[in-house]
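Colleague: Quick one: this structure, given as structure tokens, is what I'll be asking you about.
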Amino acid sequence: MKKILAVLGAGVLATSALTAVARAGDELTITSWGGAYQDSQREAYYKPYIAAGNKITEAEYNGEVAKIKAMVEAKAITWDVIDVDSPTALQGCAEGALEVIDWAKLGIDKSKMLGADVSECSVPTIVFGTVFGYDTSKLKDGPTTVADIFDTTKFPGKRGLQKNPTVNLEWALIADGVPAADVYKVLGTPEGVDRAFKKLDTIKKDIIWWEAGAQAPQLLADGQVVMTSAWNGRLQTPIDKDGKPFKIVWDHQALDWDLWSIAKGTPKMDEAYRFIAFASGAKPQAEQTKYIAYGPANADAIPNVDPKVLPSLPTAPDNLKTAWNIDTQFWADNGDQLKERFNAWLSQ
């Protein structure tokens, strides 16, 4: 949180030195998360990059690091550049499935990139928030805090939550009175884990689980849930494009990054570096905010963002008031154990 605020509050930023010369090369396969997010990448990055004479094939996935590892071990690379979340970046790097980034070769000023220290195998592209929201046409006086997710008396009905322990366990502890600053200290103990699951028990029968990002706003639009967690851009897009009467609740949003990584050993290494350098530029990153409300990782992009868009970004000052950073190292160290516990809890 402090790192984000430090970079965003640095005042007038020097002009970015990063440039990318587009030139024709072998076809590059870029894999991302589909839906509105990949649509935004297509408009901001892929189309102008292709227009400059480059060739791109798009692919989609749901973050399966095992698939990346399998193709690397088989020396059959089908995904060259991959948009990864923080846990995938750390795991893929530790398991040798992703290239260590040579920032000198990339030609990017690392100090301008929010989240540049998340993983040595990745280049941050966006800052996003896991938030929750509701349909104002169905709830006139809707939820305002994370604790409201767990209040089925005041807000009866189903809740949409991602089928993943990350954020859910932290929110459970915050709703149970643990200060955000102490969440990982508490969650790092057996008693803290028990406490988080006990809190989740109180709404277990009221949860509809989503797995792909596009499912969360659809659950809300279909009236299957009265509120749902979601990545902020996935809720903002139907508000902006379709006029959906959704309202985002920014209380205790969980900040995280998406990052570009390169599959270990890809024969298209030069093309991969060239694309990431292009996509990390201040202007393309600002352009992406026109299509989805995620904060650009390149701090130099902020002056180029439409002022009308800024309030809907997770990095807007008002939206950062109670925000907290997902501790990617904690999840790298404890994720397997907690996912096993989470899956066992789901089956009970």
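Colleague: Out of (1) under 20 Å from GLY96 (Cα atoms); (2) hydroxyl-bearing (Ser, Thr, Tyr); (3) crowded, with 23+ Cβ neighbours inside 10 Å, the odd one out for THR266 is which?
Modeller: (3)
Colleague: Give region 192-243 a look and list any residue that's in contact with a Leu (Cβ under 7 Å, 6 or more places away or on another chain), open to solvent by 10 Å² or more (accessible area, probe 1.4 Å), within 21 Å of TRP33 (Cβ to Cβ) and not β-branched (Val, Ile, Thr), or say none.
Modeller: TRP209, PRO217
Colleague: Of all residues in region 29-65, which are within 18 Å of the chain's Cα centre (by Cα) and part of a loop (DSSP other than H, G, I, E, B)?
Modeller: TRP33, GLY34, TYR61, ASN62, GLY63, GLU64, listed by residue number.
Colleague: Assuming PRO284 fulfils every condition listed in (1) farther than 25 Å from ALA216 by Cα; (2) without any contact (Cβ under 8 Å) to a residue 12 or more places away in the chain; (3) assigned to a helix (DSSP H, G or I) apart from one, which condition is it?
Modeller: (2)
Colleague: List every residue pair whose Cβ atoms sit under 9 Å apart, with the two residues 6 or more apart in sequence or on different chains, where the first one lies in region 223-245 and is farther than 19 Å from GLN162 by Cβ and the second, anywhere, is basic (Lys, Arg) and outside any helix (DSSP H, G or I).
Modeller: GLY223/LYS138; ILE239/LYS247; PRO245/LYS138
Colleague: Given the criterion in a helix (DSSP H, G or I), of a type in the set (A, V, I, L, M, F, W, C) and either touching a Ser or Thr at 6+ places or on another chain (Cβ under 8 Å) or over 19 Å from ASP256 (Cβ atoms) (or both), identify the matching residue among ALA172, ALA181, ALA147.
Modeller: ALA147
Colleague: Please specify each residue of region 321-348 satisfying the condition of being of a type in the set (A, V, I, L, M), open to solvent by 20 Å² or more (accessible area, probe 1.4 Å) and within 21 Å of the chain's Cα centre (by Cα).
Modeller: ALA332
Colleague: Now a separate question. I'd like to check something: does region 300-319 contain any residue that is within 28 Å of ALA52 (Cα to Cα), open to solvent by less than 20 Å² (accessible area, probe 1.4 Å) and not in a loop (DSSP other than H, G, I, E, B)?
Modeller: For region 300-319, residues within 28 Å of ALA52 (Cα to Cα), open to solvent by less than 20 Å² (accessible area, probe 1.4 Å) and not in a loop (DSSP other than H, G, I, E, B): present.
Colleague: While we're here: Please verify whether ALA254 is more than 20 Å from LYS55 (Cα to Cα), modelled with pLDDT under 95, buried (at least 21 other Cβ atoms within 10 Å of the Cβ) and in contact with a Ser or Thr (Cβ under 9 Å, 6 or more places away or on another chain), treating the condition exactly as stated.
Modeller: For ALA254, the condition - more than 20 Å from LYS55 (Cα to Cα), modelled with pLDDT under 95, buried (at least 21 other Cβ atoms within 10 Å of the Cβ) and in contact with a Ser or Thr (Cβ under 9 Å, 6 or more places away or on another chain) - is not met.
Colleague: Also, I was wondering about something else. What are the residues in region 269-289 that are in contact with a Phe, Trp or Tyr (Cβ under 8 Å, 6 or more places away or on another chain), open to solvent by less than 10 Å² (accessible area, probe 1.4 Å) and not small (Gly, Ala, Ser), if any?
Modeller: PHE275, ILE276, GLN288
Colleague: Another question, if that's okay. Residue check: is ASP318 within 20 Å of the chain's Cα centre (by Cα) and either within 18 Å of THR130 (Cβ to Cβ) or modelled with pLDDT under 95 (or both)?
Modeller: Here the answer is yes, as ASP318 does meet what is asked.
Colleague: Does ALA36 fit the bill of being small (Gly, Ala, Ser), buried (at least 19 other Cβ atoms within 10 Å of the Cβ) and either at pLDDT 95 or above or closer than 26 Å to ALA299 by Cβ (or both)?
Modeller: yes
Colleague: Does THR145 satisfy the criteria of being within 21 Å of ALA299 (Cα to Cα) and either open to solvent by less than 20 Å² (accessible area, probe 1.4 Å) or under 22 Å from the mean Cα position of the chain (by Cα) (or both)?
Modeller: In short, no.
Colleague: Another one. Outside any helix (DSSP H, G or I), among the hydroxyl-bearing types (Ser, Thr, Tyr) and without any contact (Cβ under 8 Å) to a residue 24 or more places away in the chain - does that describe any residue in region 200-207?
Modeller: no
Colleague: Could you tell me which numbered condition TYR134 fails, if it satisfies all but one of (1) loosely packed, with under 14 Cβ neighbours inside 10 Å; (2) hydroxyl-bearing (Ser, Thr, Tyr); (3) not in a loop (DSSP other than H, G, I, E, B)?
Modeller: Of (1) loosely packed, with under 14 Cβ neighbours inside 10 Å; (2) hydroxyl-bearing (Ser, Thr, Tyr); (3) not in a loop (DSSP other than H, G, I, E, B), only one is false for TYR134: (1).
The values are calculated or read from the model by the stated rules, or taken from the named source; none is laboratory data. Everything numeric here is computed off the predicted structure, so don't read it as measured data. Neighbour counts run over all protein chains shown; Cβ positions are idealised from the backbone, glycine included. The accessibility values were calculated without ligands, DNA or RNA, using every heavy atom of the protein model including side chains. Shrake-Rupley method; radii C 1.70, N 1.55, O 1.52, S 1.80 Å.
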